[in-house]
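This report refers to the structure that appears directly beneath it.
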Amino acid sequence: MRTRTLVMPSKPAAFLAAMLLVPGVLTPSFLSADVLTLGPTQSGHSTAAGGSTNAAGSPEIDVRVMTFNIRHGTDEDNDLDLESVADDIKSAKAQIVGLQEVDRHRSSRSDFVDQAKWLAKRLHMHFAFGLNRKTPPKKGHKKPGLHGVVVLSKFPILSAHNHMLTSIKYKHRPTKQRSMLEVVIDVKGTKISFYNTHLDHQRKEQRLAEMQQILAITRQSSRPSVFVGDLNSQPSSRVLDLARTQFHDVMAELGEGEELTFPYEDPDRRIDYILTRGPITARWGVVVDTDSSDHMPVVADLAIAKPVKKPSPPPARLEGGPRIAPHPPVAPRTGTTPIWF
């Protein structure tokens, strides 16, 4: 096995993680999507995400994104080592992470650990979980085993919706249930849509059907959007052709499209992606050389254009009467109550 190394640029885009956070409220783990809401530390220490301007002088927000299939925390030797996964995310200074193949109280293969909650607490991040499959509690355990995808974020997660993808029925080697987790994240005042999925690994027909369903969902958002995941498809595939009708392949645009992500020991394909849509510019990207999983994570620095605020209309004026100010907008309801979909 190769020595585990983390390859990072000598001068990456200048920003660090957002606020350090501590645990807050956790929603019940048996539904299809849940959100962990966290609050600031008592010390109030924080380091804000960096900002910049584009060529036109418009303000942008810098954010570092990662996608990582963690194979329920087992490395190339099939040893359980969730700490190494956490170290990879921390060392990369990733601020929003899409994880695939995450277990929650699943079985002895992951030591019955709630990996989503464990990683969120370990890394001081919010998380949302999207269920793919559920198994009855194992003997001696009360909680059912869950398996799915996770979004970790240094920024507040405003909402989460887990979309179950339709499975084609096959008599032999039936398709395993897949989903796409959709979250809305508030990145320094700019709301973005973030999507995370893990497509079928057995049949192209099934992957094409899943991608068509995903694109029907993602086109409903007008926000800047980031779509990540293990797509089990190479760049020349029809699945990626379909994805590119809406999204841009970050690594390809950066000239890093030849970087392979799977399998770790002797990679021969690129199947893990960071895709974007809308006013988002890719600044830098890398495939991280680590053996904490059979996949290698992909990391990218993105610059998201801040929305331009439209000037408020002047107060209405009645003929011969006083000016009438418009009604102030009603503030949205806020709080730390978890949101379920």
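The values are calculated or read from the model by the stated rules, or taken from the named source; none is laboratory data. Every value quoted in this text rests on a predicted model; they were computed, and no experiment measured them. Glycine also receives a Cβ, built like all others from the backbone with ideal geometry; neighbour counts cover every protein chain displayed.
Remark: pairs (first residue in segment 131-142, touching a residue at least 60 places away in the same chain (Cβ under 8 Å); second residue among the basic types (Lys, Arg) and part of a loop (DSSP other than H, G, I, E, B); Cβ separation under 7 Å; 6+ apart in sequence or on different chains) = 132/178. Scanning segment 55-71 for residues that are out of contact with any Leu (no Cβ under 8 Å at 6 or more places or on another chain), under 19 Å from residue 308 (Cα atoms) and modelled with pLDDT of 70 or more yields 58, 59, 60, 61.
If you check residue 250 against the conditions, is it at pLDDT 95 or above and in contact with a helix residue (DSSP H, G or I) (Cβ under 9 Å, 6 or more places away or on another chain)? Here the answer is no, as residue 250 does not meet what is asked. The selection criterion, being modelled with pLDDT of 95 or more, aromatic (Phe, Trp, Tyr), touching a Ser or Thr at 6+ places or on another chain (Cβ under 7 Å) and not in a helix (DSSP H, G or I), does not hold for residue 194. Any residue at all in segment 171-179 that's surrounded by 15 or more Cβ atoms within 10 Å (Cβ to Cβ) and assigned to a strand (DSSP E or B)? Yes, segment 171-179 contains a residue that is surrounded by 15 or more Cβ atoms within 10 Å (Cβ to Cβ) and assigned to a strand (DSSP E or B). Going through segment 92-113 one residue at a time, which ones are modelled with pLDDT of 85 or more and farther than 18 Å from residue 293 by Cα? 93, 95, 96 - these are the residues of segment 92-113 that are modelled with pLDDT of 85 or more and farther than 18 Å from residue 293 by Cα.
One residue stands out among those in segment 243-272 that are assigned to a strand (DSSP E or B) and under 23 Å from residue 87 (Cβ atoms): the one that is farthest from the chain's Cα centre (by Cα), which is 262.
If the condition is being surrounded by fewer than 17 Cβ atoms within 10 Å (Cβ to Cβ), of a type in the set (S, T, N, Q) and not in a loop (DSSP other than H, G, I, E, B), then segment 215-229 contributes no residue at all. Residue selection: residue 234 fails the criterion of being farther than 23 Å from residue 62 by Cα, of a type outside the set (Gly, Ala, Ser) and touching a Ser or Thr at 6+ places or on another chain (Cβ under 6 Å).
Could you list, in sequence order, the residues of segment 230-242 that are out of contact with any helix residue (DSSP H, G or I) (no Cβ under 7 Å at 6 or more places or on another chain), surrounded by 17 or more Cβ atoms within 10 Å (Cβ to Cβ) and part of a loop (DSSP other than H, G, I, E, B)? The one that is out of contact with any helix residue (DSSP H, G or I) (no Cβ under 7 Å at 6 or more places or on another chain), surrounded by 17 or more Cβ atoms within 10 Å (Cβ to Cβ) and part of a loop (DSSP other than H, G, I, E, B): 237. Checked against (1) among the acidic types (Asp, Glu); (2) in a loop (DSSP other than H, G, I, E, B); (3) modelled with pLDDT of 90 or more, residue 319 passes all but condition (3). Consider segment 57-106 and keep the residues that are closer than 26 Å to residue 189 by Cα and acidic (Asp, Glu). The one that is nearest to the chain's Cα centre (by Cα) is 62.
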